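Single-structure report; data block below.
Laboratory data are not the source of any read-out in this text; all were calculated from the coordinates shown. Everything numeric here is computed off the predicted structure, so don't read it as measured data. When we count neighbours, we look across all protein chains shown, and the Cβ atoms used for this are built from the backbone with ideal geometry, even at glycine.
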Amino acid sequence: MENKIQMRFLSVPDNVSLARVTIAALAGQAAFSLTDIDEIKVAVSEAVSNAIIHGYQGRPDGWIELTGTIDKLGLSIVVEDFGVGIADIEQARQPSFSSDPERMGLGFAFMESFMHGLYVESTVGKGTRVEMQRLATVQGELSRDAQ
Amino acid sequence: MTIVHTIQGNKILVALQGDLDLTAAPPLREALDELLDRYREKALVLDLSEVHFIDSSGLGVILGRYRKMAGRPLSLIGVRRSVRAVLELAGITAIVSVTDITRPTIKEIKDQHV
């Protein structure tokens with residue numbers, strides 16, 4: 001099963017749920033359990049929330065692009081904004097780092113924990129691109145002959 | 001996000017319904033702060049049995065209230081599996097009392113349909 005979706009939406013908080021529900025529906029077409037999909041939803045939510053809060057600093061008129069791809073290996077998600085960018089990506093990925101005291105900087109930590117690969121590219125003044133992968137887990141038994 | 005509060009003895013019981021994310025965080029923060037300011041001696045119990053999703057924005061509201069309460073008891077009840085996974089990853093289960101949602105027994109389900 002291979003499929004791909006692309007969405008472009010404004011940086012308003014209501015679109016965080018739109019993004020995660022869309023990706024959950026796409027993930028439902030691949031070999032993911034309900035627990036896997038719950039975790040993928042958290043990662044998407046964090047990436048889009050980061051774009052709104054940090055990329056556009058709460059401004060509701062920025063564009064966010066979401067791409068989701070499923071193939072035989074699993075799911076790949078790209079969240080891209082065209083906002084202020086991140087000056088120091090390594091610092092931003094530290095769990096304790098946050099410009100908002102109540103968010104605790106857990107966004108990247110959740111993305112790293114719930115996904116199987118996280119790549120962040122950013123240019124100050126141009127924007128940030130976050131790419132995440134989640135590998136599908138296929139369980140089964142080999143037949144007696146195959147063993 | 002629907003927020004319903006009940007005062008029960010020395011507890012403020014707050015039942016939440018909906019996803020705890022960036023959209024829900026500001027109104028929830030405001031509602032909880034108002035309750036904590038109004039009932040300064042009471043413990044806070046958040047009923048999450050109708051919350052199926054939480055991310056770091058929602059967690060931030062809970063941890064922010066925990067800090068603000070400075071020793072007043074805070075507990076989370078009715079926690080679903082999907083929510084517990086996030087709470088555990090953030091280490092909240094180590095500092096706040098967390099009780100899972102209880103599944104009805106087969107007898108209870110049968111009794112409801114009699």
Using the alpha-carbon atoms, what tilt in degrees (0 to 90, nearest 10) does helix A:34-50 show relative to the longest principal axis of chain A? 20 degrees
In degrees, nearest 10, the alpha-carbon axis of helix B:81-90 is tilted away from the dominant principal axis of the alpha carbons of chain B by 30 degrees
Could you name the aspartates and glutamates in cross-link range of A:K126, using Cα to Cα under 13 Å and dropping any fewer than eight places away on the same chain? A:E80, A:D81
Mean separation of Cα contacts under 8 Å (at least 6 apart) over the residue count of the range B:60-104, i.e. the relative contact order in percent, is 45 percent
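Suppose we flag GluC sites (Glu not before Pro) only when DSSP calls them loop and at most 10 other Cβ atoms lie within 10 Å. Which is the longest uninterrupted stretch of chain A? Each step should come with its number before you reach the end.
On the way: sites that count: A:E2, A:E141.
Here the longest run is A:3-140.
List, in the order given, every pair from A:K41/B:K42; B:K42/B:K110; A:K41/B:K110; A:K4/A:K41 whose Cα-Cα distance in the structure shown is over 28 Å. Let's see the in-between values first.
Numbers: A:K41/B:K42 35 Å; B:K42/B:K110 38 Å; A:K41/B:K110 34 Å; A:K4/A:K41 17 Å.
Distance filter (> 28 Å) returns A:K41/B:K42; B:K42/B:K110; A:K41/B:K110.
Within the range A:3-90, report the chymotrypsin sites (Phe, Trp or Tyr not before Pro) that DSSP leaves as loop and that have at most 14 other Cβ atoms within 10 Å.
Values: sites: A:F9, A:F32, A:Y56, A:W63, A:F82; in loops: A:F32, A:Y56, A:F82.
Taking the range A:3-90 and a limit of 14 other Cβ atoms within 10 Å, no loop chymotrypsin sites (Phe, Trp or Tyr not before Pro) are found.
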How much length, in nm to one decimal, is gained on full extension between A:V21 and A:L142, taken as 0.36 nm per residue of separation minus their Cα-Cα distance? 40.1 nm
Inter-site label distance for B:D37 and A:M1 at 7 Å from Cα along Cβ, in nm: 5.0 nm
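Only Lys, Arg, Asp and Glu count, each charged at its Cβ (+1, +1, -1, -1), so figure out the dipole size of the protein assembly as shown about its Cα centre, rounded to 20 debye.
Values: 27 positive and 34 negative charges, 134 e Å.
Its charge dipole is roughly 640 debye.
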Theoretical ellipticity at 222 nm over the protein assembly as shown - DSSP helices of four or more residues, -39500 (n - 2.57) apiece, nearest 500: -10000 deg cm²/dmol
Within straight cross-link reach of B:K68, meaning Cα distance under 18 Å, which aspartates and glutamates are found once same-chain residues fewer than 8 apart are removed? A:D100, A:E102, B:E30, B:D33, B:E34, B:D37, B:E41
If I stretch the segment between A:H116 and A:R8 completely, what's the gain in nm (0.36 nm per residue apart, minus their alpha carbon distance), one decimal? 36.4 nm
